[in-house]
1. So A:Ala73 passes all but one of these: (1) more than 9 Å from every other protein chain (Cβ to nearest Cβ); (2) in a helix (DSSP H, G or I); (3) modelled with pLDDT of 95 or more. Which condition number does it fail?
2. Would a scan of the stretch A:39-54 turn up a residue that is outside any loop (DSSP other than H, G, I, E, B), farther than 18 Å from B:Gly34 by Cα and at pLDDT 95 or above?
3. Here are B:Ser52, B:Ser108, B:Ser116: which of them is in contact with a strand residue (DSSP E or B) (Cβ under 9 Å, 6 or more places away or on another chain), under 30 Å from A:Ile50 (Cβ atoms), modelled with pLDDT under 90 and among the polar types (S, T, N, Q)?
4. Which count do you get for residues in the stretch B:31-69 that are surrounded by fewer than 20 Cβ atoms within 10 Å (Cβ to Cβ), more than 8 Å from chain A (Cβ to nearest Cβ) and either under 13 Å from the mean Cα position of the chain (by Cα) or among the acidic types (Asp, Glu) (or both)?
5. Condition first: exposed (fewer than 13 other Cβ atoms within 10 Å of the Cβ) and under 21 Å from A:Phe69 (Cβ atoms). Now tell me which residues in the stretch A:12-28 satisfy that.
6. Among what's in the stretch A:8-33 and is within 8 Å of chain B (Cβ to nearest Cβ) and out of contact with any Leu (no Cβ under 9 Å at 6 or more places or on another chain), pick the residue that is nearest to B:Val32 (Cα to Cα).
7. Check whether at least one residue in the stretch B:75-86 is part of a helix (DSSP H, G or I), surrounded by 19 or more Cβ atoms within 10 Å (Cβ to Cβ) and over 11 Å from the mean Cα position of the chain (by Cα), and report yes or no.
8. I need the full set of residues from the stretch A:34-59 which are of a type outside the set (S, T, N, Q), within 15 Å of A:Leu16 (Cα to Cα) and either without any contact (Cβ under 8 Å) to a residue 24 or more places away in the chain or facing chain B (nearest Cβ under 7 Å) (or both), in order please.
Amino acid sequence: MMMIPRDHFINKIRELGYSFKTQKKRISYWRKPNTTHPISLPHTVLLEEIYVKSTLTQAGCSQEDIELFLASAKS
Amino acid sequence: MIAYWPLVHNYAAMATGVTTIEIKANLLWEYVKGDGGNWVAICEPLKLTVQSATYTELMEDIADTLEALFQDLLASNELEKFLRDRGWTLAGPIPARNEPVMFDIPFSTKKAAGGSYV
């Protein structure tokens, strides 16, 4: 079972160009400028691997890039 | 096909001056339970993923995510294009940008086949 630290994931999506837009009760809404693609980020310390894989895939990351990110989250 | 129109019989909204916009997208979210015990739901048409601690919170967080998305699109004047790009249609005019607006976006959920998604 692998959980990914939220802060580590935030660094990744910032690197991809996403920026924070607004906050709701348990989620933060991020968006990439000049696109209409959003990310819903939960207010939790750890993220499920499936959440991270799905979100990064939807953000356009390659499988290789995602695997490298997950490996970096372990170390 | 998605129709969009303001609810004209929302008396509470009329009394408060808030326009409620219903988006009839019938969005499907497929969900699984992650290894850490959290629920994760994915909506492919919108390319969105939501993680929540409980199923009840998942439903609320999906609704909050949709509200945030459409409010953001409305504020940036991209709502019409966003809907059109997905083949969704407008059934009424978009309110003026300075009008307070609330979105009502019904959605459905389904357990992902095989219990996994990615």
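The values are calculated or read from the model by the stated rules, or taken from the named source; none is laboratory data. What you are looking at is a predicted structure, and each value in this text was computed from that prediction instead of being measured. Cβ atoms come from the backbone with ideal geometry, glycine included; neighbour counts cover every protein chain shown.
1. Evaluating A:Ala73 over (1) more than 9 Å from every other protein chain (Cβ to nearest Cβ); (2) in a helix (DSSP H, G or I); (3) modelled with pLDDT of 95 or more leaves (3) as the failure.
2. Restricting attention to the stretch A:39-54, the residues satisfying the condition of being outside any loop (DSSP other than H, G, I, E, B) are A:39-42, A:46-54.
Imposing the further condition that a residue be farther than 18 Å from B:Gly34 by Cα reduces the set to A:39.
From what is left, the residues that are at pLDDT 95 or above are A:39.
Yes, because at least one residue in the stretch A:39-54 is outside any loop (DSSP other than H, G, I, E, B), farther than 18 Å from B:Gly34 by Cα and at pLDDT 95 or above.
3. Working: B:Ser52 fails: modelled with pLDDT under 90; B:Ser108 fails: modelled with pLDDT under 90.
It is B:Ser116.
4. The total comes to 4.
5. Quick first cut of the stretch A:12-28, residues exposed (fewer than 13 other Cβ atoms within 10 Å of the Cβ) only: A:14-15, A:19, A:25.
A:Arg14, A:Glu15, A:Ser19 - these are the residues of the stretch A:12-28 that are exposed (fewer than 13 other Cβ atoms within 10 Å of the Cβ) and under 21 Å from A:Phe69 (Cβ atoms).
6. Taking the stretch A:8-33 and keeping what is within 8 Å of chain B (Cβ to nearest Cβ), we get A:21-22, A:24-27, A:29, A:31.
With the extra rule that they be out of contact with any Leu (no Cβ under 9 Å at 6 or more places or on another chain), the set shrinks to A:21-22, A:24-26.
On the way: A:Lys21: 27, A:Thr22: 26, A:Lys24: 22, A:Lys25: 22, A:Arg26: 19 Å.
Checked the stretch A:8-33; the qualifying residue nearest to B:Val32 (Cα to Cα) is A:Arg26.
7. Just the residues of the stretch B:75-86 that are part of a helix (DSSP H, G or I), to begin with: B:75, B:79-85.
Now drop any that are not surrounded by 19 or more Cβ atoms within 10 Å (Cβ to Cβ), which leaves B:79, B:83.
From what is left, the residues that are over 11 Å from the mean Cα position of the chain (by Cα) are B:79, B:83.
Looking for residues that are part of a helix (DSSP H, G or I), surrounded by 19 or more Cβ atoms within 10 Å (Cβ to Cβ) and over 11 Å from the mean Cα position of the chain (by Cα), one finds at least one in the stretch B:75-86, hence yes.
8. We begin by selecting, within the stretch A:34-59, every residue of a type outside the set (S, T, N, Q); these are A:37-39, A:41-43, A:45-53, A:56, A:59.
Cutting the leftovers down to within 15 Å of A:Leu16 (Cα to Cα) gives us A:37-39, A:41, A:52-53, A:56, A:59.
Residues satisfying the conditions are A:His37, A:Pro38, A:Lys53.
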